[in-house]
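Asks: Please read through the structure below; I'll follow up with questions.
Just so it is clear, none of the values below were taken in a lab; they were calculated from the coordinates. Since the structure is predicted, the reported quantities are computational estimates derived from the model, not experimental observations. Neighbour counts are summed over all protein chains in view; Cβ atoms, including those assigned to glycine, are modelled from backbone coordinates with ideal geometry.
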Amino acid sequence: MLKVLQVCSDTNIGGAGKCILTYLKHCNCEKLNVAVVLPSNSLLKPKVEGLGFKVFEIDAMADKSLDGRAIKKLLKVFREFKPDIVHTHASMSARIAARLYGAKIVYTRHSVFPPNPHLTHGIGKTLCGLANNSTADKIIAVAEAAKQNICDIGVKDDKIEVILNGVEPLRKYSADETSKIKAEFNIPEDCKCTAIVARLNEVKGHKYFVEAAKILKDRGIKARFLIAGTGDMADTIRKQILEAGLDDYVIMLGFLDNVEPLMNIIDVQANCSFGTEATSLSLLEGMSLGKPAVVSDFGGNPGVIKDGKNGFIVPTHDSLALAEKLAMLFEDNDLYSKLSAGSTEIFNSTFTATKYAENIDNIYLSLGGKNND
């Protein structure tokens, strides 16, 4: 049985943490013995232990990729658990420690963002490529765009495998349940709904979502635009809503611990990112309920939404294009039914949690035991 140690430096539960939890729920425990290393007081710890997996805590690396203090502490854990494979999530410290220990190394790139130009040419690319190629036996990119980012900094193509994220399907609510949730959110029954679920940062493009809302309100379309999340742009977005006279049309919901009720009441999901977007978990969750989406053409979005099949892709920074596609889905019932069915079909074929876990298992099993075995 192969022994696998997943290492995550996050203290909160972000995208990487959610992927770890999804994997643990569906991993092949007959062939793999999996444990997790976390920084002290990580919110992931009780979740991982609740699934029956061992957690090692170290007093270092909290929310840091490279922490010199962590390497010695990680080596101690490695010598105790004796992993064949160390799978790191944004932890260069763990990659260095795993190489020193002699385990095979898997690294997941969870985000998409253009690399620094100094790292894509000349000596910068050479050094960056050397660092990454020497501290990973396999690199998992969660989107084709993420793979391209890694190749651009000198990583060998044959080290990289694209594995798209997967999620548990959400429960579909009854008509009575959805009516109750709409009432709680103060949404009239005859209003169409769209939502953007993302942290409130500039690169997530909420500005264009609000501008699209203004366009549709001025056209007299009965709809509500919902914003779920928190972040440093909250006050800016709230001010934009008020100045545009949209306080009755755009609703800021704040942080939602459970997005299932929201996903059940919306008709269409939106994603306006122009930075750091890989494979959006919220898009996948919406697809599990047959919700089409209108998304920007940035990063991993085109790997999730196929234009005209389960939604529409629009240019980044283009609020008019976003509004036009949302209006089409709000007003054309036949088109909506077609894209809704496409969302369910693509989710079931590509983005289930079991498919995701199987793909990760196959990476581990293909690598085999320790480098020094």
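Asks: GNM on the chain, C-alpha springs below 10 Å: top fluctuator among Gly14, Gly205, Gly299?
Replies: Gly14
Asks: Oh, and also: For segment 15-27, in order, what is each residue's ³J(HN,Hα) by Karplus, 6.51 cos²θ - 1.76 cosθ + 1.60 with θ = phi - 60°, in whole Hz (x at glycine and Pro)?
Replies: x, 4, x, 5, 5, 4, 5, 4, 4, 4, 5, 10, 6
Asks: What FRET efficiency comes out for the pair Leu130/Glu184, r = Cβ-Cβ distance, R0 = 45 Å, nearest 0.05?
Replies: Here the calculated transfer efficiency is 0.25.
Asks: Full-extension gain between Ser366 and Thr350, please, as 0.36 nm times their residue separation minus the C-alpha to C-alpha distance.
Replies: Details: separation 16, 0.36 × 16 = 5.76 nm, distance 2.10 nm.
Between Ser366 and Thr350, full extension yields 3.7 nm more.
Asks: Given an 8 Å cut-off on Cα distances and at least 6 residues of separation, report the relative contact order of the chain as a percent.
Replies: About 17 percent, as a whole number.
Asks: Based on Cβ point charges of +1 for Lys and Arg and -1 for Asp and Glu, what charge dipole magnitude is obtained for the chain about its Cα centre, in debye rounded to the nearest 20?
Replies: 1340
Asks: Tell me the mean residue ellipticity at 222 nm calculated for the chain from its helices only (DSSP H runs of n ≥ 4, each -39500 (n - 2.57), averaged over every residue, nearest 500). Kindly include the intermediate steps, with their values, before the conclusion.
Replies: Working: 15 runs with 162 residues, N = 373.
Result for the chain: -13000 deg cm²/dmol, rounded to the nearest 500.
Asks: Using every pair of alpha-carbon atoms in segment 175-350, split the distances into 5 Å bins beginning at 0 and state the percent of pairs per bin, rounded to integers.
Replies: Result, from short to long distances: 1, 9, 19, 23, 24, 15, 7, 1, 0 percent.
Asks: Then there's this: Return P(r) of segment 22-148 (all Cα-Cα pairs; 5 Å bins starting at 0; whole %; ordered from short to long distances).
Replies: 2, 10, 17, 22, 22, 14, 8, 4, 1, 0
Asks: Still on this structure: By how many degrees, 0 to 90 and rounded to 10, does the Cα axis of helix 353-367 deviate from the longest principal axis of the chain?
Replies: The two axes meet at around 20 degrees.
Asks: For a footprinting-style exposure proxy, rank Phe56, Phe312, Phe209 by other Cβ within 10 Å, fewest first.
Replies: Ascending number of Cβ neighbours within 10 Å: Phe56, Phe312, Phe209.
Asks: Could you check which residue among Ile140, Ile187, Ile160 shows the biggest mean-square fluctuation in a GNM of the chain with a 10 Å Cα cutoff?
Replies: Between Ile140, Ile187, Ile160, it is Ile187 that shows the largest mean-square fluctuation.
Asks: On to the next question. Compute from the Cα atoms of the chain the Rg and the Dmax, the latter being the longest Cα-Cα distance, and quote both in angstrom.
Replies: 21.7, 69
Asks: In debye to the nearest 20, how big a dipole does segment 175-350 give about its Cα centre with +1 on each Lys and Arg Cβ and -1 on each Asp and Glu Cβ? Numbers along the way, then the final one.
Replies: On the way: 18 positive and 26 negative charges, 34 e Å.
It comes to approximately 160 debye.
Asks: At q = 0.14 Å⁻¹, what is the base-10 log of I(q)/I(0) for segment 57-126 according to the Debye formula with one equal point scatterer per Cα and no solvent? Please give it to two decimals.
Replies: For segment 57-126, the Cα-only Debye profile gives -0.50.
Asks: Could you check the spin-label model distance between Cys29 and Leu253? Points 7 Å from the Cα along Cα→Cβ, value in nm.
Replies: For the pair Cys29/Leu253, the computed spacing is 3.2 nm.
Asks: By a straight-distance test (C-alpha under 19 Å), which aspartates and glutamates pair with Lys306 as possible cross-link partners, with residues fewer than eight away in the same chain excluded?
Replies: Reachable aspartates and glutamates: Glu144, Asp267, Glu277, Glu285, Asp297, Asp318, Glu324, Asp332, Asp334, Glu345.
Asks: Just tell me which lysines come within less than 23 Å, Cα to Cα, of Lys54; anything on the same chain fewer than 8 places away is out.
Replies: Here the lysines satisfying the reach criterion relative to Lys54 are Lys3, Lys18, Lys25, Lys31, Lys45, Lys64, Lys72, Lys73, Lys76, Lys82, Lys104, Lys370.
Asks: Relative to the longest principal axis of the C-alpha atoms of the chain, give the angle of the C-alpha long axis of helix 234-243, reported between 0 and 90° and rounded to the nearest 10°.
Replies: Helix 234-243 and the main axis of the chain meet at about 10 degrees.
Asks: If one takes the longest principal axis of the Cα atoms in the chain, at what angle in degrees, from 0 to 90 and to the nearest 10, does the Cα axis of helix 122-134 lie?
Replies: Taking the Cα atoms of the chain, the angle to 122-134 is about 70 degrees.
Asks: Right, next: Where does segment 170-260 land on the Kirkwood hydrodynamic radius, alpha-carbon pairs, in angstrom?
Replies: On the way: mean 1/r = 0.0724 Å⁻¹.
Kirkwood radius, segment 170-260: 13.8 Å.
Asks: Here is a follow-up. Report the far tail of the P(r) of segment 257-320, meaning the percent of Cα-Cα pairs longer than 16 Å.
Replies: So the portion of pairs separated by more than 16 Å is 40 percent.
Asks: Starting from the amide H of Arg224, placed 1.01 Å from N in the peptide plane, find each other amide H under 5 Å away whose residue is 5 or more places distant or on another chain.
Replies: Answer set, sorted by chain and number: Lys192, Cys193, Thr194.
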